[in-house]
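J.: Following this message is one structure expressed as structure tokens.
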Amino acid sequence: MYYNASLLSKLMEIKEKKGDLAAVEYIRRLSPIASQHLNFGGRYEFNKLRKLINIEKILKMMDKIDILPKKRKLNLVFEKNK
């Protein structure tokens with residue numbers, strides 16, 4: 001959970017610096033409690049060779065992704081044109 005919260009916080013900082021307020025608001029509503037990637041009933045294998053995770057590289061990739069759902073984008077466009 002810490003890993004997810006850390007990534008979301010850092011991604012939100014990136015979006016704030018870029019002025020992408022819609023993405024910031026969307027990220028604020030996301031929960032760091034995600035379990036799709038967890039293997040609750042299977043076998044775990046841990047590699048003895050530990051590699052550091054490059055958080056900056058992951059954040060750069062995440063920043064390229066259009067994170068707003070299509071429905072939210074349509075609402076933002078509609079609200080802008082009022």
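J.: Taking the condition of being at pLDDT below 70 and in contact with a Leu (Cβ under 9 Å, 6 or more places away or on another chain), how many residues in the range 32-82 meet it?
T.: 1
J.: Restricting attention to the range 30-38, does a residue exist that is surrounded by 10 or more Cβ atoms within 10 Å (Cβ to Cβ) and outside any loop (DSSP other than H, G, I, E, B)?
T.: So the first thing to find is which residues in the range 30-38 are surrounded by 10 or more Cβ atoms within 10 Å (Cβ to Cβ), and the list is 30, 32, 34.
With the extra rule that they be outside any loop (DSSP other than H, G, I, E, B), the set shrinks to none.
No, the range 30-38 has no match at all.
The values are calculated or read from the model by the stated rules, or taken from the named source; none is laboratory data. Just so it is clear, the model here is predicted, and its values are computed rather than measured. Cβ sites come from the backbone with ideal geometry, for glycine too, and all protein chains shown count toward neighbours.
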